[in-house]
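The values are calculated or read from the model by the stated rules, or taken from the named source; none is laboratory data. As the structure is a computational prediction, the values presented were derived from the model and not from experiment. Neighbour counts run over all protein chains shown; Cβ positions are idealised from the backbone, glycine included.
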Amino acid sequence: MKSALTLSAPNQTLRHDWTRDEVRSIYHQPLLELVFQAQQVHRQHHNPQEVQCCRLLSIKTGGCPEDCGYCPQSAHYETGVERASLMDVDDVLARAREAKSEGSTRFCMGAAWREVRDGRDFDAVLEMVRGVSSLGMEVCCTLGMLTPEQAQRLAEAGLTAYNHNLDTSPEFYDSIITTRRYEDRLRTLQNVRRAGITVCCGGIIGMGESDDDRIGLLHQLASLDSHPESVPINMLVAVEGTPMANAQPADPLALVRCIATARLLMPASMVRLSAGRRSLTREAAALCFLAGANSIFTGEKLLTTPNPEVDEDEQLFRDLGLRPMAFE
Ligand code: SAM
Ligand code: DTB
Ligand code: SF4
């Protein structure tokens, strides 16, 4: 087999026909060799000193009818997350302006919905999208399943990206979620893509999945045509009350391995080191950037769980010689 590096050289068209065996052999290379290859490919497509800073806001929290085993917002579990109805448009826009003034270029709004329903709440979300877009920020939403018409309305409101994760391999999916199927996720991703919105799609490690499940997820993502423009890789934030509260934490080096593999398979995509940074050392985070991660969430909170402090991140950037990606 050719090396991963040859397979993803920059002047070749991006590949969408990786076999699972190819992904497996890339993933299982000696870690430092894998990271070296990923860093080379990273430098051919991205500025290695720049990291995109994104801000998350939960615009509708808790009480979700889905039973995702990792999620503190599912109504199936007692997690202590307080339910809240949809935020006011003005409050959301105030938070977006604040995020912009603190250097975020992308604002991502999350709602604990199974799917979008047409009506007053969706109209308000469209208003939020128009407002954030008019600030000159990239605007992303994650609202659950979407119909083609809803995707079209979001596109018309100025949505840049839609986040909808595949989370794990197709085989492991029904061990973590029973209220929807992998195909439901793929259908929404297709609706988003057809509406001309960029796709943000990734997964979670640390849910008790095997290496082969991680390989299966990466294979699915890299088989999407086009590749997701952004690929969030989350480490499980184990929350009391969820079925995964006591899951064995993933080895941070496995996170590095997943990031490097994602970078080699999808060289032009943004790879986002997402949830779980509070459980990483600074050194592990540095390895993730070396492996090709070039985006993070900043700010003290993700959706419902804590994220590193802003000044800790600023110090990390100074120490690693990184800078936040500027507005275009
Ligand atoms: N309800 C929508 C959905 O599921 O698409 C949007 C919100 S949902 C919270 C967004 C993503 O957050 C999930 O797809 C999952 O990958 C991630 N996530 C949720 N809980 C998490 C946790 N405890 N640790 C890590 N990632 C988590
Ligand atoms: C993604 O992949 N990670 C973000 C974002 N997309 C929406 C969400 C992480 C949520 C972590 C758990 C919480 O804070 O509730
Ligand atoms: Fe609901 Fe999304 Fe949480 Fe699943 S991940 S329970 S769909 S909010």
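See the values below:
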{"item": "Some residue of region 119-137 being away from ligand 3 (no atom under 13 Å from the Cβ) and farther than 20 Å from Met87 by Cβ", "result": "yes"}
{"item": "Search result, residues across region 210-262 that are hydroxyl-bearing (Ser, Thr, Tyr), more than 25 Å from Ala286 (Cβ to Cβ) and crowded, with 19+ Cβ neighbours inside 10 Å", "result": "Thr242"}
{"item": "From the options Phe317, Phe289, residue that is in a helix (DSSP H, G or I), more than 21 Å from Phe107 (Cβ to Cβ) and among the aromatic types (Phe, Trp, Tyr)", "result": "Phe289"}
{"item": "Test: residue in region 105-124 that is within 16 Å of ligand 2 (Cβ to nearest atom), among the aliphatic types (A, V, I, L, M), closer than 30 Å to Ala326 by Cβ and in contact with a Lys or Arg (Cβ under 8 Å, 6 or more places away or on another chain)", "result": "yes"}
{"item": "Hits in region 183-238 - residues which are touching a strand residue (DSSP E or B) at 6+ places or on another chain (Cβ under 7 Å), more than 20 Å from Arg272 (Cα to Cα) and of a type in the set (Gly, Ala, Ser)", "result": "none"}
{"item": "Any chance Thr281 is surrounded by fewer than 24 Cβ atoms within 10 Å (Cβ to Cβ) and either among the polar types (S, T, N, Q) or at pLDDT below 95 (or both)", "result": "yes"}
{"item": "Qualifying residue in region 83-104 (condition: more than 22 Å from the chain's Cα centre (by Cα), more than 10 Å from ligand 1 (Cβ to nearest atom), within 26 Å of Met235 (Cβ to Cβ) and surrounded by fewer than 22 Cβ atoms within 10 Å (Cβ to Cβ))", "result": "yes"}
{"item": "Subset of region 131-157 [more than 16 Å from ligand 1 (Cβ to nearest atom) and closer than 22 Å to Leu303 by Cβ]", "result": "Gly131, Val132, Ser133, Leu135, Met137, Glu138, Ala157"}
{"item": "Count of residues meeting criterion [more than 16 Å from ligand 3 (Cβ to nearest atom) and part of a loop (DSSP other than H, G, I, E, B)] in region 265-282", "result": "6"}
{"item": "Count - residues of region 101-118 that are among the charged types (D, E, K, R), away from ligand 3 (no atom under 16 Å from the Cβ) and touching a residue at least 40 places away in the same chain (Cβ under 8 Å)", "result": "2"}
{"item": "Pairs, first outside any strand (DSSP E or B) in region 131-145, second within 15 Å of ligand 2 (Cβ to nearest atom) and at pLDDT below 95, C-beta under 8 Å, six or more apart", "result": "Met137/Ala99; Met137/Ser104; Met137/Arg106"}
{"item": "Residue match in region 107-115 (condition: under 19 Å from the mean Cα position of the chain (by Cα), of a type outside the set (Gly, Ala, Ser) and away from ligand 1 (no atom under 13 Å from the Cβ))", "result": "yes"}
{"item": "Matching residues, region 43-56, being touching a Leu at 6+ places or on another chain (Cβ under 9 Å), more than 10 Å from ligand 1 (Cβ to nearest atom) and under 22 Å from Ile205 (Cα atoms)", "result": "Val51"}
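Yes or no, residue by residue, for (1) within 15 Å of ligand 1 (Cβ to nearest atom); (2) touching a residue at least 60 places away in the same chain (Cβ under 8 Å); (3) not basic (Lys, Arg):
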position	(1), (2), (3)
Ile215	no, yes, yes
Gln220	yes, no, yes
Leu236	yes, yes, yes
Glu240	yes, yes, yes
Pro243	yes, yes, yes
Asp251	no, no, yes
Arg257	no, yes, no
Thr261	no, yes, yes
Met270	no, yes, yes
